Amino acid sequence: MASEAHAPAESLALREQFETEAQQKDASTLGMWIFLITEVMFFGGLFLAYMVYRRLYPDIFAIASSSLNVYIGAANTVVLLCSSLTMVLAVRAAQLGRTRAIVLFLVLTLLLGGVFLGVKAYEWNEKFVEHHIPGPSFHFEGLGPDQQGHAQLFFSLYFAMTGLHALHMVIGAGLLAMLIWQARRGRFTAEYMTPVDLIGLYWHFVDIIWIFLFPLLYLIDRHLKQP
Amino acid sequence: MTEHVDSVKTYVLVFAALIFLTVATTAVAFVDLGPFSVVMALAIAVCKMLLVALFFMHVRHSTRLTRLVVLGGLLWLAILLLLTMGDMMSRGWVGVPGR
Amino acid sequence: MITAAVQEREHYLNQSYGLKSWLLTKDHKRIGLLYLFTITLFFFVGGAFATMIRVELLTPGGNFVSSDTYNKLFTMHGVAMIFFFLIPSIPASLGNFFLPMMIGARDLAFPRINLLSWYLLVVGGLFALFAMLAGGVDTGWTFYTPYSTTYSNSWVIATAIGIFIAGFSSILTGLNFIVTVHRMRAPGMTWMRMPLFVWSTYATSLIQVLGTPVLAVTIILLFCERFFHIGIFDPKLGGDPVLFQHMFWFYSHPAVYIMVLPAMGIISEVVSVFSRKPVFGYRVVAYASMAIAVLGFLVWGHHLFVATQSVYAGLVFSFLSYFVAIPSAIKVFNWTATLYKGSISFATPMLYAFGFIGLFTIGGLTGLFLAALGFDVHVTDTYFVVAHFHYIMVGGTIMAYLAGLHYWWPKMTGRMYPEAWARLSALVIFLGFNLTFFPQFILGYLGMPRRYHVYPDEFQVLHVLSTAGASVLAAGYLMPMIYFVWSLRYGQVAGSNPWGAAGLEWQTASPPPVHNFDEMPVVTHEAYDYASVIGEEIQVG
């Protein structure tokens, strides 16, 4: 019958509802993928709003987008891609049961994630200084009063999308910290590295969101000469 | 479940491709391609997404079910986007005021 | 199982006592009961608002409440009933309890996430209750912008937060069910041997997982718009209120299938057992469930026919809306064919199933009327629509829910409910329901708008009939509340299979042991294989 938590193998957490560890791992992985699909639909609503308004106000969106620093955005994209590399190397290390390497790569991933968030904070602060934050004090230089609303729409979407993305990064950072703590205690072996695997999936997914956010927010008609 | 352990080289190559594509999309943005700018940007983004998904997220080694889940998610996003944009873009096609 | 042994045998209810053992349980059966309790509370909340609405509508003038208050009444009735009663109802109570058992699993894939999803519903519900008590919300359960974002002075944000949190409850439940069905079926339990209740619950879970996140992000945007006036739905700033409607209904249309699919699953079970015949066309019914889930996502624009959606979009959505009716109709045909030459017994669950089949058919057919653009223009936002969806939600889902509760009551509690009283209340509910809602079809057709409390004198007769029906319906709903509780102590003790049914849940004791089965089952026959059910008495009054 069920392994009623008498077995010390609870440390490897074969939960009693599962028959085998393979079943448990399969179920957990499927669960994480389904969760990621819910995230696709979650962000998807914002992408929809973006599409609707970019189509309606293409010129204003281009002007507003050009006020973002494209080089910082690109650099941040590279930072996040690096973190994806270190994350997948952490997963690989876990598959090979190399604890020290797991910790190293997870720490690097966390640091790179921190860099990304720091840069984002800097960018948002710039927007704050320039009065590009939607709300009563919003004002975009160089546009007439009837165009302010449309520009504000761009920035609303900018902050909503990058904000939601950043929130996911923060949660990811928390998860990474937890993983690092567990890895240092030797929790992960080649037989049991499911949490590393799953949080890796989450981290890569958040990276994919940014892969779309960067061109959609920063690269709108950059070739146009701005007035 | 992931019995395949990909080599470090594979990951680094994919990473290099991702960096290259990032540089490319930034550079191409400064070229006047008219309406194709958007197409180019999205195409590159999709390539990057595929690289991350297939290699970093191990989708290329995954079960049929996982792939079905991924495809399903993308399909559902497409439904949301296409049908709504279908409305937005077809407004005014028939000469009925306000529609 | 022998009577005397029930008192001594350990099962999921008596294995541990005390508040902590319930509030920290990981047992899907206990969590199912926690949900049952919670949703019943919200049913009362929603019912209280319904009572006030019907009292107000007795007279043509605005005598009982002001217009502002009336707006709050129908809003809160909708919010309570939809988000905190109907959406969780069958999946989270009966689904939680029986899905693992029906596939021969010990529990769901993620028991702690299951418990978390209950807490999320409770917390979300508390936000909504707070909003209701603090002054209410008056935007309609649909929260259309820009009224909800800019002009309403009511507790929009608190309610929206409550719905947001409850949405995550729904997502987690769906996720849990999908993984469980894929990965935790007992040996021999192939997809095509699963009971149809599992199929419909699985299809429901797909909807929950794919649709609810869009509602969540819509609520976030609503929140941002209301708080920060970012302009995303505000025409003055260039925003499009119809975008809100698209995003809202992308979830809320499939949501109605969340509400009705599990109900259909129950009907498949009940019709089969009480005709003692396998469901006719098992495969077709299973596929029809999946088809409803998929097609249900392609029709949301039929809620926007008069909302300045483009004419072409209206055409497309109207066309697609006809398709979604097909799998539902197929199920009705299959249930009917199951009955044909069956050995029919009129136990209470079966009475509710009959009610469902008839009333759901009426509700579904009137849905087809509404799918026709030309007709919809005349009856949209009238009582015709109100009657349509109440026929499905109340005549359909709630009847099926009662069917399921009665059917599985002996399994959950080890007690039989009193059959005579149960049949009487089924009859009372059926009569009360029709008296309440049939006049509303007529009212709507004659032009009575929905969400109005002041109306022309000539509509009063129909409104009085409707309110009278509501009183009867309320009495009918109270009866099971009373006798179910009564049965816990005084009901006849039930064996493991009082109905002679063929599912795995009937092959274990009533109430079931904590881990569902003493030995994990190995499945060797198809679903609804009555020939192989070992002789148990069929207990019908």
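The values are calculated or read from the model by the stated rules, or taken from the named source; none is laboratory data. This structure is a prediction, so every number in the text was calculated from the model and none was measured. All Cβ positions, even for glycine, are placed from backbone atoms using ideal geometry, and neighbour counts span all protein chains on display.
Kindly check whether there is at least one residue in the stretch B:49-57 that is in a helix (DSSP H, G or I), more than 21 Å from A:Arg92 (Cα to Cα), at the interface with chain A (Cβ under 8 Å from one of its Cβ atoms) and under 19 Å from the mean Cα position of the chain (by Cα). No, because not a single residue in the stretch B:49-57 is in a helix (DSSP H, G or I), more than 21 Å from A:Arg92 (Cα to Cα), at the interface with chain A (Cβ under 8 Å from one of its Cβ atoms) and under 19 Å from the mean Cα position of the chain (by Cα). Of the residues making up the stretch C:312-329, those that are surrounded by 17 or more Cβ atoms within 10 Å (Cβ to Cβ) and among the β-branched types (Val, Ile, Thr) are C:Val316, C:Val324. Does C:Asn114 count as on the phi < 0 side of the Ramachandran plot and assigned to a helix (DSSP H, G or I)? Taking the combined requirement at face value, the residue satisfies it. Only one of the listed residues (C:Phe384, C:Phe438) is at pLDDT 95 or above, surrounded by fewer than 24 Cβ atoms within 10 Å (Cβ to Cβ) and not polar (S, T, N, Q). That residue is C:Phe438. Only one residue in B:Ala29, B:Ala43 is free of Cβ contacts under 8 Å to residues at least 24 places away in the same chain and either more than 7 Å from every other protein chain (Cβ to nearest Cβ) or aromatic (Phe, Trp, Tyr) (or both), so which one is that? Unique residue meeting the criteria: B:Ala43. Summed over the stretch A:190-224, the residues that are more than 10 Å from chain B (Cβ to nearest Cβ) and outside any helix (DSSP H, G or I) give a count of 2.
Exactly one residue among B:Gly86, B:Gly73 is part of a helix (DSSP H, G or I) and crowded, with 18+ Cβ neighbours inside 10 Å, and that residue is B:Gly73. The residue that is nearest to A:Val40 (Cα to Cα), counting only those in the stretch A:134-153 that are surrounded by 18 or more Cβ atoms within 10 Å (Cβ to Cβ) and within 10 Å of chain C (Cβ to nearest Cβ), is A:Leu153. Can we say A:Ser156 is polar (S, T, N, Q) and either outside any helix (DSSP H, G or I) or at positive phi (or both)? Criteria not met by A:Ser156. Whether a residue is more than 14 Å from chain A (Cβ to nearest Cβ), at pLDDT 95 or above and closer than 29 Å to C:Pro262 by Cα was assessed, and C:Ala128 passes this test. Do we have A:Ala166 as among the small types (Gly, Ala, Ser), over 22 Å from B:Val70 (Cα atoms), assigned to a helix (DSSP H, G or I) and in contact (Cβ under 8 Å) with a residue 60 or more places away in the chain here? For A:Ala166, the condition - among the small types (Gly, Ala, Ser), over 22 Å from B:Val70 (Cα atoms), assigned to a helix (DSSP H, G or I) and in contact (Cβ under 8 Å) with a residue 60 or more places away in the chain - is not met.
Does C:Asp107 meet the test of being among the acidic types (Asp, Glu), touching a helix residue (DSSP H, G or I) at 6+ places or on another chain (Cβ under 6 Å), surrounded by fewer than 24 Cβ atoms within 10 Å (Cβ to Cβ) and in a loop (DSSP other than H, G, I, E, B)? So C:Asp107 does not fit the description; no. Looking only at residues in the stretch C:478-525 that are free of Cβ contacts under 8 Å to residues at least 12 places away in the same chain and more than 24 Å from C:Gln15 (Cβ to Cβ), the one that is farthest from the chain's Cα centre (by Cα) is C:Ile482. Scanning the stretch C:441-483 for residues that are in contact with a strand residue (DSSP E or B) (Cβ under 9 Å, 6 or more places away or on another chain) and either within 25 Å of C:Ala403 (Cα to Cα) or of a type outside the set (Lys, Arg) (or both) returns C:Leu443, C:Gly444, C:Tyr445, C:Leu446, C:Gly447, C:Met448, C:Pro449, C:Tyr455.
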